[in-house]
Ligand code: PNS
């Protein structure tokens, strides 16, 4: 039985994340999508909203959604996870993920599998999505429908999306 963890901030979940999560289900028996919660980080969406949007985005997939408090390595050890699955869009992602993979393997003996982002979604990042939405651009080809609505609400009335640590509700 192979248990895989797909971790991320998911601020917000994108079609790129969804693709990686779906692909993880093709080679792992049990897939847990783990939403990182770092109280020192300024998210656009608070934890509850990120989790709710993620649940909606993966409703048709056979995966669980959970929250990571603290170190991902500790979470993986406690959850009995064999693999961490991350999507990579290019060299910068590979470099960043390589460092994290090495730390997580040394801390918890958990291996990281990097999935090369699929062409049609390889340009998508949560940061770009938020920037497009902040300036009133169309994000419907980048994120699931529920996220389109959530972004519209977050940036309604000219809001900038600058939020204190923890994010908005
Ligand atoms: O979607 P992101 O922001 O690229 O996800 C990064 C994430 C959440 C996977 C990473 O920050 C993480 O693993 N956070 C949990 C805390 C932790 O274990 N930090 C050390 C990683 S080596």
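The values are calculated or read from the model by the stated rules, or taken from the named source; none is laboratory data. Values in this document were obtained by computation on a predicted structure and should not be read as measured data. Don't worry about glycine lacking a Cβ; one is built from the backbone with ideal geometry, like all the others, and counts go over all protein chains shown.
Values for this structure:
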quantity: Check on residue 134, at pLDDT below 95 and either surrounded by 15 or more Cβ atoms within 10 Å (Cβ to Cβ) or in contact with a helix residue (DSSP H, G or I) (Cβ under 7 Å, 6 or more places away or on another chain) (or both); calculated: no
quantity: Within region 92-102, considering residues that are loosely packed, with under 14 Cβ neighbours inside 10 Å and under 19 Å from the mean Cα position of the chain (by Cα), the one nearest to residue 71 (Cα to Cα); calculated: 99
quantity: Residues (more than 10 Å from the ligand (Cβ to nearest atom) and free of Cβ contacts under 8 Å to residues at least 12 places away in the same chain) located in region 66-89; calculated: 78
quantity: Among the residues listed as 108, 92, 99, the single one being more than 20 Å from residue 2 (Cα to Cα), out of contact with any strand residue (DSSP E or B) (no Cβ under 6 Å at 6 or more places or on another chain) and more than 9 Å from the ligand (Cβ to nearest atom); calculated: 92
quantity: Close pairs from region 93-110: first under 22 Å from residue 127 (Cβ atoms) and without any contact (Cβ under 8 Å) to a residue 40 or more places away in the chain, partner outside any helix (DSSP H, G or I) and more than 8 Å from the ligand (Cβ to nearest atom), Cβ under 6 Å, at least 6 apart; calculated: 94/88; 97/88; 97/114; 101/112
quantity: Single match in 16, 22, 87 (criterion: in a helix (DSSP H, G or I), in contact with a helix residue (DSSP H, G or I) (Cβ under 6 Å, 6 or more places away or on another chain) and closer than 25 Å to residue 142 by Cβ); calculated: 16
